[in-house]
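Here the structure comes first, spelled out in structure tokens, and everything after it is commentary.
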Ligand code: ZN
């Protein structure tokens, strides 16, 4: 059934206090839930309907006496619930070891874990499993003391000890209590044989806290980075937003089987080990950065998500968009220098364009605050998270950094302890900034929550030499998306400046400002700048100030001026990307082979050899636009043609800059030990890019020196970034030495699951050539180390191929789609959430060229024809079919 946002109603009952007892056993766990229920007098009295899924109900008591009830689908209905406050007691059992969906209570590696967001709590016990029902929880855990020495739940440890009764031999218990009212999705329980890294810290306010990172025995030395990230997050949130840690104890736990990155359960964050564990030998620079940002993200949720939570799941971006914004700001502050901050921003925008833009123009396009869903897990999306974060960033751009901080302060003053909506957040930021560019157009600004689709903004500049004016005319339009045809203009903050032909910044007004924010809020708008002597080059949308597609019609000459001279590093990068994109699109549209011009090659050489630019920035500037982003620019997508164009561009860049790559490779070697700081990781990134270019070029010329050097570097590397970089250079170029290197890599790391995931993913993401990559992936699904049961491992092959390797996936013989359908169905029987993620590889089938389009549709229809699909996958495939 489709759930509609506008159908929201408060429940007829609140649950204010919960006493939960778990008698943990992998085959049959007994759950006893004692609840204090309160009538919600603002809603008419009616039956009490509790959610419950895959539970065995044992008994239901109201005020100590049994009551009649019925089961209606996934609801337990008590028709004669008192029109008063009462005590409700429920007993049921669940089977954690059979819970392969990894939602609710499940086992992984012999320990117990929970995942309750969004609707997993109902797979533990019957409850009003909705975020506006907030209760204070006490949790008692009872389990075998030898197998599960560590027993954890949210909040503070109240008591623990050995169970003495006969029948409980060898078992122990722990009682945890969380003083903060919370929705059921934030409950967490962990029991197992784990060890912890511990650190005591004192906050600015002078309070002492115990921080713990729990992992399996043997992983302890890989937790240092996570602990450091956690401490840095605490310090940052207090300094930037005056938000301190509110618990005596803050725990983080790693688990190998997990559907997402991590979960912000109050005081007991649970992490996918891939988002937690790192050592120089096993994790790359990108892993270190990702861990820092996810640890921060979950920590920041303590305020934005937990202290103030969502009224209903349509408001998901209230906590996710805001928390992603906060973790992005944190990462930028940690990076430090202007250039390192820009590198963070560029990476975030690249991610948005690669994931969210395609989502916004495909079958699953939805607003930041969706209007309907059948499975909420399908809406933990790039739109809700990443576009949501861009929306929060626009608030900050419109009211200024200080204004935004004041808005946050008011938000917490008003709503601490409440379950609220995106409207409440908007009101707080606007009310704290009366008269601001936001407050004066708040209703229009909120279209960012309601309209799907990426707005197209067109800019046209005209210089009037006689009047010495420069006129910028903007138009905007948001394309139709499924279910939304008419769109209103959006509020688009355009941070901008003007440069003269030599790259000097021009004064935009009498104050001499060289940068300003133009706020678009009409379909068409004009801005005039005075005292402009000659035709300027406009630098628009600096720092990517709004999540739009900008068409400014700039010539290559103008783009070169921006690339060389703009004061905004984001737009310098963007100008280079645009130069590359223009060439690729031109070749694709003309149906001609791509030939890079000497001007472009020289510009790229200029970047590579630039004396001042940071290596990290150079690496980003010299990396060509991704195939998904290129596909976004085209109405009809031929994945093979795009791939061929990108490979051609890469090969020419590799060859034309051969000596420069070699020099850059030598110049960016690092002496001494490994640290994942921005400067060193930038050097490694550039050296690895240079190496991959050199091996690619060698492959074309038949030279064996660079492949040999890459192999040597692969063998000698003292850290995973360099080792994987060298391995990738060999694999991606299709070098002969790739096979022995892959074999050696597997032998070295066969006992480290997270590294073996990289081994699978690298092979599945390799550039396709004559079907070899696809054949390799099919063979790897039979590898002894491959399983669909572990989400990281399943993704390492399936998502890598179907979502990140378009040229290997989209085949004229449709074998990729057949493979997709088989795998989606196989995974769906085990783990619907995981299956529906993989299913989304077909989101944009309708834009494909023939023969891909028809074959893709057929494969989707075949999946949709299955009668026993999960709600998760059904929603994805049905939306896909409806979009064509
Ligand atoms: Zn989050």
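Computed from the coordinates by the stated procedures, all read-outs in this text should not be read as laboratory data. Here the structure is a predicted model, which means the values were calculated and not measured. Don't worry about glycine lacking a Cβ; one is built from the backbone with ideal geometry, like all the others, and counts go over all protein chains shown.
Assorted remarks:
- For the pair residue 789 and residue 747 in one chain, pulling the backbone fully straight at 0.36 nm per residue adds 12.9 nm over the alpha carbon distance.
- If you wrap the Cα atoms of segment 480-615 in a convex hull and average its projected area over all directions, you get 11.2 nm².
- Taking 0.36 nm per residue of sequence separation and removing the Cα-Cα distance, the residue 43/residue 703 pair yields an extension gain of 229.8 nm.
- With Cα atoms, 0 to 90° folded angle of helix 705-716 axis to the chain main axis: 30
- Convex hull volume of segment 670-776 per residue (C-alpha atoms, cubic angstrom): 105
- Rounded to 5, the percent of DSSP beta bridges in the chain classed as antiparallel: 80
- Projected label distance in nm at residue 769 and residue 205, using a 7 Å step from Cα toward the beta-carbon: 6.0
- Bridge type composition, segment 165-288 - antiparallel percent by DSSP, nearest 5: 50
- Treating r as the C-beta distance of residue 778 and residue 871 and R0 as 35 Å, the FRET efficiency rounds to 0.75.
- Degrees between helix 871-882 axis and first principal axis of the chain (Cα, 0 to 90, nearest 10): 40
- Computed [θ] at 222 nm, deg cm²/dmol, the chain (DSSP H ≥ 4; -39,500 (n - 2.57); rounded to nearest 500): -12500 deg cm²/dmol
- Rh (Kirkwood; distinct C-alpha pairs) - segment 795-874, Å: 12.4
- Working from label points 7 Å from Cα in the Cα-to-Cβ sense, the residue 371 to residue 862 distance is 3.4 nm.
- Simple spin-label estimate for residue 480 and residue 636 in nanometres, 7 Å along Cα-Cβ: 2.0
- Interatomic Cα distance distribution for segment 764-830, bins of 5 angstrom, percent: 3, 18, 32, 27, 14, 5, 1
- What the Cβ-Cβ distance of residue 502 and residue 655 gives, at R0 = 30 Å and to the nearest 0.05, is a FRET efficiency of 0.40.
- Förster radius 51 Å - calculated FRET efficiency between residue 666 and residue 217 (Cβ-Cβ, nearest 0.05): 0.75
- Each listed q (0.22, 0.24 Å⁻¹) maps to a log10 I(q)/I(0) for segment 82-129, found by the Debye formula over equal Cα scatterers with no solvent: -0.77, -0.86.
- When the Cα convex hull of segment 389-458 is projected onto planes of every orientation, the mean area is 5.2 nm².
- Cα gyration tensor of segment 1-132 - equivalent ellipsoid semi-axes, whole Å, descending: 26, 18, 12
- Against the chain, whose longest principal axis is taken from its Cα atoms, helix 639-656 shows a tilt of about 50°.
- Taking the Cα atoms of segment 546-679, the ratio Rg/Rh between the radius of gyration and the Kirkwood radius comes to 0.99.
- Overall dimensions of segment 150-239 as given by Cα atoms, namely Rg and Dmax in Å: 16.1, 53
- Kirkwood estimate for the chain, i.e. one over the average of 1/r between Cα atoms, Å: 28.9
- Segment 270-384: relative contact order as a whole-number percent, Cα under 8 Å and 6+ apart: 22
- Cα-based shape type of segment 504-582, given that a ≥ b ≥ c are square roots of the gyration tensor eigenvalues and the cut on a/c is 1.5: oblate
- Within segment 430-486, the proportion of Cα pairs with more than 14 Å between them is 70 percent.
- Three-way shape label, segment 162-298, alpha-carbon gyration tensor, a/c 1.5: oblate
- At q = 0.13, 0.18, 0.21 Å⁻¹, base-10 log of I(q)/I(0) for segment 716-870 (Debye sum, equal scatterers on each alpha carbon): -0.62, -1.07, -1.34
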